[in-house]
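Below: one structure, written as structure tokens.
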Amino acid sequence: MTDNNPRHIGIILDGNGRWAKKRHMPRTYGHKKGSERVFDIVRYCNELGIKYLTLYAFSTENWKRPKDEVNFLMNLISVFINDKLDEIHRQNCKLRVLGDTSILPSSAIEYIERAKKKTENNTGLNLNIAINYGGRDEIVKAVKDIIKEGIDPSNIDEDTISNHLYTKGMPDPDLIIRTGGEIRISNFLIYQLAYSEFYFTEVLWPDFDREQLDLAIENYKHRFRRFGGLK
Ligand code: IPE
Ligand code: IPE
Ligand code: MG
């Protein structure tokens, strides 16, 4: 891996519904196809030596969708974690979930806990799945925790906030990819992405493959990151 590869990639997996609509199929069919793409991208990131991959799977706003679609997505996500656990482990990936998992269905909580435990000592790709995740919700939670811990305001700095986010201890994302053609963030990692590079593609998530990821990384490598400085 060359030095200018991103260390942390975040992906907003979008466009499943439109992918299905184009084929006159129900939105859930698009979600199913989309979920089938996920593991190949995980494996490829691991092969490329990417250290962190954060996948946005379900936002705090996605509960607004019809109940059937929400149930389908919840089931799909937990089945993915359960079915792929052995393979994730074999790939030496360490799985974490970002978001408030307390209100997820109990089977999802069970699968997540088992997967976290099984992979906690793995040293390959850190795979974060954002479920019931919202950037604003994460910041609200951080503020509450800081207050509960009684931290003196004069001791609060940017690291204090970072250390109370779900991504505690992880590098900020270098590259944020959004599939599906929308040019927005939709509440993803809003604190952490202060200096991320963005790559927006029209490609719908079920069509996003290794070649597409290569294009995104190649594009990223030509960015000139200044972080506010001049060099
Ligand atoms: C998947 O794509 C993203 C999730 C919320 C799971 P969408 O379901 O948002 O698909 P589009 O944007 O309607 O095409
Ligand atoms: C963002 O996609 C959330 C996830 C990919 C999980 P949405 O489809 O929910 O975003 P909006 O509604 O187009 O902003
Ligand atoms: Mg969408």
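May I ask you to verify whether residue 214 is touching a residue at least 60 places away in the same chain (Cβ under 8 Å) and closer than 24 Å to residue 35 by Cα? In short, no. Among all positions in the stretch 11-21, there is no residue which is under 21 Å from residue 90 (Cβ atoms) and either away from ligand 3 (no atom under 16 Å from the Cβ) or surrounded by fewer than 22 Cβ atoms within 10 Å (Cβ to Cβ) (or both).
State yes or no: is residue 102 small (Gly, Ala, Ser) and either modelled with pLDDT under 95 or away from ligand 2 (no atom under 16 Å from the Cβ) (or both)? Against the criterion (small (Gly, Ala, Ser) and either modelled with pLDDT under 95 or away from ligand 2 (no atom under 16 Å from the Cβ) (or both)), residue 102 qualifies. When the stretch 176-204 is filtered for residues that are more than 13 Å from ligand 3 (Cβ to nearest atom) and more than 19 Å from residue 41 (Cβ to Cβ), the ones remaining, listed by number, are 190, 191, 192, 193, 194, 195.
Here is a yes/no grid of residues against (1) in contact with a Gly (Cβ under 8 Å, 6 or more places away or on another chain); (2) within 16 Å of ligand 1 (Cβ to nearest atom); (3) modelled with pLDDT of 95 or more:
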residue: 41; (1), (2), (3): no, yes, yes
residue: 59; (1), (2), (3): yes, yes, yes
residue: 80; (1), (2), (3): no, yes, yes
residue: 86; (1), (2), (3): no, no, yes
residue: 111; (1), (2), (3): no, no, yes
residue: 116; (1), (2), (3): no, no, yes
residue: 132; (1), (2), (3): yes, yes, yes
residue: 135; (1), (2), (3): no, yes, yes
residue: 143; (1), (2), (3): no, no, yes
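Within the stretch 212-227, one or more residues are touching an Asp or Glu at 6+ places or on another chain (Cβ under 8 Å) and part of a loop (DSSP other than H, G, I, E, B). Within the stretch 87-100, the set of residues being touching a residue at least 24 places away in the same chain (Cβ under 8 Å) and either of a type outside the set (D, E, K, R) or part of a helix (DSSP H, G or I) (or both) comprises 87, 88, 89, 91, 92, 93, 95, 97, 98, 99.
Counting only residues that are open to solvent by less than 50 Å² (accessible area, probe 1.4 Å) and either touching a Leu at 6+ places or on another chain (Cβ under 8 Å) or part of a loop (DSSP other than H, G, I, E, B) (or both), the stretch 101-127 holds 9 of them.
Residues satisfying the criterion are present in the stretch 51-60 (criterion: within 15 Å of ligand 2 (Cβ to nearest atom) and either of a type in the set (Gly, Ala, Ser) or in a helix (DSSP H, G or I) (or both)). Please determine, by comparing only the residues of the stretch 131-159 that are aliphatic (A, V, I, L, M) and crowded, with 17+ Cβ neighbours inside 10 Å, which one is farthest from residue 56 (Cα to Cα). Once the filter is applied, the top-ranked residue is 146.
Scanning the stretch 58-67 finds no residues that are within 15 Å of ligand 3 (Cβ to nearest atom), open to solvent by less than 70 Å² (accessible area, probe 1.4 Å) and on the phi > 0 side of the Ramachandran plot. Checked against the criteria, residue 84 does not count as in contact (Cβ under 8 Å) with a residue 40 or more places away in the chain, assigned to a helix (DSSP H, G or I) and within 16 Å of ligand 3 (Cβ to nearest atom).
Of all the numbered requirements in (1) among the hydroxyl-bearing types (Ser, Thr, Tyr); (2) assigned to a loop (DSSP other than H, G, I, E, B); (3) open to solvent by 20 Å² or more (accessible area, probe 1.4 Å); (4) more than 16 Å from ligand 1 (Cβ to nearest atom), residue 167 misses one, and that requirement is (3). For the stretch 185-211, the set of residues classified as among the β-branched types (Val, Ile, Thr) and open to solvent by less than 20 Å² (accessible area, probe 1.4 Å) consists of 201 only. Within the stretch 51-69, residues that are more than 16 Å from residue 100 (Cα to Cα) have Cβ atoms under 7 Å from residues that are open to solvent by 80 Å² or more (accessible area, probe 1.4 Å) and more than 12 Å from ligand 3 (Cβ to nearest atom) in these pairs: 51/7; 52/7, counting only partners at least 6 apart in sequence or on another chain.
The values are calculated or read from the model by the stated rules, or taken from the named source; none is laboratory data. None of the values given here were measured: they were computed from a predicted structure. Because the Cβ atoms are built from the backbone with ideal geometry, glycine has one as well, and the counts that use them run over all protein chains shown. These area figures cover heavy atoms from the full protein model, side chains too; ligands, DNA and RNA do not enter into them. Shrake-Rupley method; radii C 1.70, N 1.55, O 1.52, S 1.80 Å.
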